[in-house]
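Here's the structure we're looking at; comments come further down.
We did not get these values from a lab; they are worked out from the coordinates using the rules stated. From a predicted model like this one, the values you see are computed outputs, not experimental measurements. Note that we place each Cβ from the backbone using ideal geometry, even for glycine, and neighbour counts take in every protein chain shown.
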Amino acid sequence: MTRRPLLALVVLIAVLSAGCGVRPSGVIRGGPAPAAPAEGVNLYFLANSSLILMRRPTRQHLSPTQTLVLLQDGPDGDERAMNLTSEVPTGLDPITVTIDASGNVEVVVSADVTTLSNTAADQIVCTVGDALSTTAPITLTSKAATRGPRTCPLAG
Amino acid sequence: MNSVNPAARFLGGARSLRTRLLVAFALLGVSTAALVAGVDYVQARDIILQKAQDTAVLTITERIETLPPLGDLPPSQATLDEIAGRLSGRDDTAVAVYRDRRSVGRLDPDTLPRELRRAVGEGIVVWQRVSMNGRPVLVIGTQLRLGRPGRPAQPPGGSALPPGPATQPSELEIYSVRSLEPEQQSIARLATRAWLTGAVALVFAVLLAVLAGRGVLEPVRELRRATNRLGEGDLTARAQIRGTDELADVARTFNNTAETLERHVGDLRRMEAEARRFVADVSHELRTPLAAMTAVTDVLDDEAQRLPGDAGRAARLVSGETHKLTRLVNDLIEVSRFDTGTATLALDDVDVAEAIRATLRARGWSDRVRTDLPQGVVARLDPRRLDVIIANLVSNALRHGAPPVSVRTHVRPDRLDIEVGDGGPGLAPDVLPHVFNRFYKADTARARSEGSGLGLAIARENARLHGGDLTAANRPAGGAVFTVHLPRPGSEPGDTR
């Protein structure tokens, strides 16, 4: 007759003991990820044929045109060591970046924009966008043709 | 019914009221303490943990936001190590992960929970308590976003450009592991305090139960004492009434009942005593006229033989009935002496065999009764009362039993047994218990009998007056046997009766 209450008591104590202390939890979700300050210039290169943000330290601030020249020059030694590549061809100079009153950004290059691969176009669009700190669509223009306007696939 | 309520069954199963009270109080105290302390404990624990987690998350977030500007991306191994080093502190260890590379250190990201790493990919700060090597730790994971480089001077007319987000993802992930052992110790102290609270509550509950038990059980014990005394025949027993509660009501009811009982029993006893005194008085009053009548009938007896016809029969009838009445009155006087306790023993050393033979001889029964009487048995008895016993038993056997009637004595170590038996059919089972009752007639068909109806009752009272007894039984071979048991004080020096 006293066996069942005794069992209940034991179970109660076991439950109380098990509830003690720090127990593992599930994943708790907080706010957005924090950001670290950054300096330098953003260039978009390719790692295993996919677009990747690369930041290269610079002494002073660079204009979008100067940035595009760096992009055209391709990865430097260290960057190549990390297997970074680029599809942007050389010979884009002279490059001009214009912004009209309605906020359309136009990049004018001397090479034929239709010969650029899509990846190369993305590299240029993303790099110019970062240089201008904008997500506005960007149009690539050469003497004969235009491409775009297009936006950077990595934006956001 | 009991299966509905196991708690009640448990309490009901406990043996005494005190145990039940104790168990009930202890259960109440402990369950209340467990509830309060348990809720308290859980809340405090959650607060402690939440505070520790929030502080840790805030710390790591602040450290990330105050990192020196990150120059190169993808980060070199040196950069990863530097980030991890700057994000590590006294209490926590951080690891910086970029794709398949990580900062050098003890912390291996592969040992971190997979679900946490998946959640980090969503671009939010996440954390999780896990057990690492048996110790509780907090793992915080987050992506490291990058602030955009400073905005260049706006080209002319560029004010309409929509601004991009202030930060961008970098594929850099930071994991920070912080030990929760200090918190665990605090929580363990909380638990100790909760258990202590429970123990103190238990002690208090038991103390209260003992006090309450005393308050309830003392009147109950008092009531039981009084009931026992009443049951043992002490009609003056009363319970002490304390307070005005239900138990006091019970005690009061008990006292009223006992009082009523005492009054009724007193009335009955008084009425019985009066009735007995009346019988005694009547008997005494009848003695004198009966003596005169006896004297007259003695004369009539002499004359009756000479009286003719009906007159002679009438004279003999009157004489016979007068003798019978005299016997009845004498027996009544004898019985009333026993009832009033005035009967006394006149002890003497008696040769039992000789005394029994004298009794039979005096009544002329010597040739009708077989005797088996060992010689030389001397007992200390009242010879007159022994004579009454033997005479009544033998007379009864001769009247109601059938020959052969026998008297035999057995000397036992501690007592003397005198058996009076007959060869008749014996006593019917429904007669046996009543055979010593006064005026009991075994044969209802026989309205009148020779005896007074008091003979066996008087014989038993006499045996009892000697400290012995008289029993009736049937022999296996047939016939009733009445046995007188008389103690032998001579064989027992301690017994002075």
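Identify, among B:Ala291, B:Leu223, B:Ile241, the residue whose Cα sits farthest towards the positive end of the charge dipole of the range B:156-299, taking +1 on the Cβ of Lys and Arg and -1 on the Cβ of Asp and Glu, with the dipole about the Cα centre. The residue sitting most towards the positive pole is B:Ala291. Between helix B:246-304 and chain B there is an angle of about 10 degrees, using the helix long axis and the longest principal axis of the Cα atoms. Where in the range B:398-441 does the amide nitrogen come within less than 16 Å of the point 7 Å from the Cα of B:Asp348, taken along Cα to Cβ? The answer is none, because no backbone nitrogen lies closer than 16 Å to the label point. For the range B:205-307, a simple Cβ point-charge model (Lys and Arg +1, Asp and Glu -1, everything else neutral) yields a dipole of about 740 debye relative to the Cα centre.
A Förster distance of 22 Å, applied to the separation of the beta-carbon atoms of B:Leu196 and A:Val10, puts the FRET efficiency at 0.60.
Among A:Ser50, B:Ser452, which comes first, second and so on when ranked by fewest other beta-carbon atoms within 10 Å?
Details: A:Ser50 9, B:Ser452 21.
Neighbour counts put them in this order, fewest first: A:Ser50, B:Ser452.
Taking θ as phi - 60° and the Karplus parameters 6.51, -1.76 and 1.60, the scalar couplings of the range B:189-195 work out to 4, 4, 5, 4, 5, 5, 4 Hz in sequence order, x denoting glycine and proline. Within a straight-line Cα-Cα reach of under 18 Å, B:Lys51 can be paired with the following aspartates and glutamates, leaving aside sequence neighbours fewer than 8 residues apart in one chain: B:Asp40, B:Glu62, B:Asp91, B:Asp92, B:Glu181, B:Glu183.
Using only atoms on other chains, find how many Cβ atoms lie within 10 Å of each Cβ of peptide A:131-137 and report the average.
The per-residue average across the peptide is 6.
What is the mean number of Cβ atoms from other protein chains located within 10 Å of the Cβ atom of each residue in peptide B:48-58, rounded to a whole number? The per-residue average across the peptide is 1. Bridgeable lysines around B:Lys324 (alpha carbons under 19 Å apart, same-chain partners fewer than 8 residues away excluded): B:Lys441.
In percent, what relative contact order does chain B have, based on Cα pairs under 8 Å that are 6 or more apart in sequence?
Numbers: 600 pairs, mean separation 47.3, N = 497.
Computed value for chain B: 10 percent relative contact order.
Between the residues B:Leu17, B:Asn396, B:Leu432, the greatest Cα displacement towards the positive end of the dipole of chain B, with unit charges on the Cβ of Lys, Arg, Asp and Glu, is found for B:Leu17.
For the range A:51-155, a simple Cβ point-charge model (Lys and Arg +1, Asp and Glu -1, everything else neutral) yields a dipole of about 120 debye relative to the Cα centre.
Gain on full extension, evaluated as 0.36 nm per residue between B:Ser179 and B:Gln240 minus their Cα-Cα distance, stands at 15.0 nm. Computed about the Cα centre, the dipole magnitude for chain B is approximately 800 debye when only Lys and Arg (+1) and Asp and Glu (-1) carry charge, each at its Cβ.
Using per-residue counts of other Cβ atoms within 10 Å, averaged over each peptide, order A:35-42, B:371-378 from highest down. It would help to have the intermediate numbers written out before the result.
Values: A:35-42: 20.4, B:371-378: 12.5.
Ranking, from highest mean packing down: A:35-42, B:371-378.
The order of B:Glu285, B:Glu461, B:Glu82, going from fewest to most other C-beta atoms within 10 Å of their C-beta, is B:Glu285, B:Glu82, B:Glu461.
How would you rank B:Phe482, B:Phe204, B:Phe436, B:Phe278, going from fewest to most other Cβ atoms within 10 Å of each one's own Cβ? Show your work: numbers first, answer last.
On the way: B:Phe482 27, B:Phe204 14, B:Phe436 18, B:Phe278 11.
Placing the least packed residue first, the sequence is B:Phe278, B:Phe204, B:Phe436, B:Phe482.
Computed from backbone phi, the HN-Hα couplings of the range B:82-87 come to 5, 4, 4, x, 5, 8 Hz, rounded to whole numbers (Karplus: 6.51 cos²θ - 1.76 cosθ + 1.60, θ = phi - 60°; Gly and Pro given as x).
Taking each residue of A:49-62 in turn, how many C-beta atoms of other protein chains fall within 10 Å of its C-beta, and what is the average?
Numbers: counts 0, 0, 0, 4, 7, 3, 10, 3, 5, 2, 0, 0, 5, 2.
Across A:49-62, the average partner-chain Cβ count within 10 Å equals 3.
If one computes the Cα centroid of the range B:67-109 and of the range B:46-63, what distance in Å separates the two points? So the separation of the two Cα centres works out to 21 Å.
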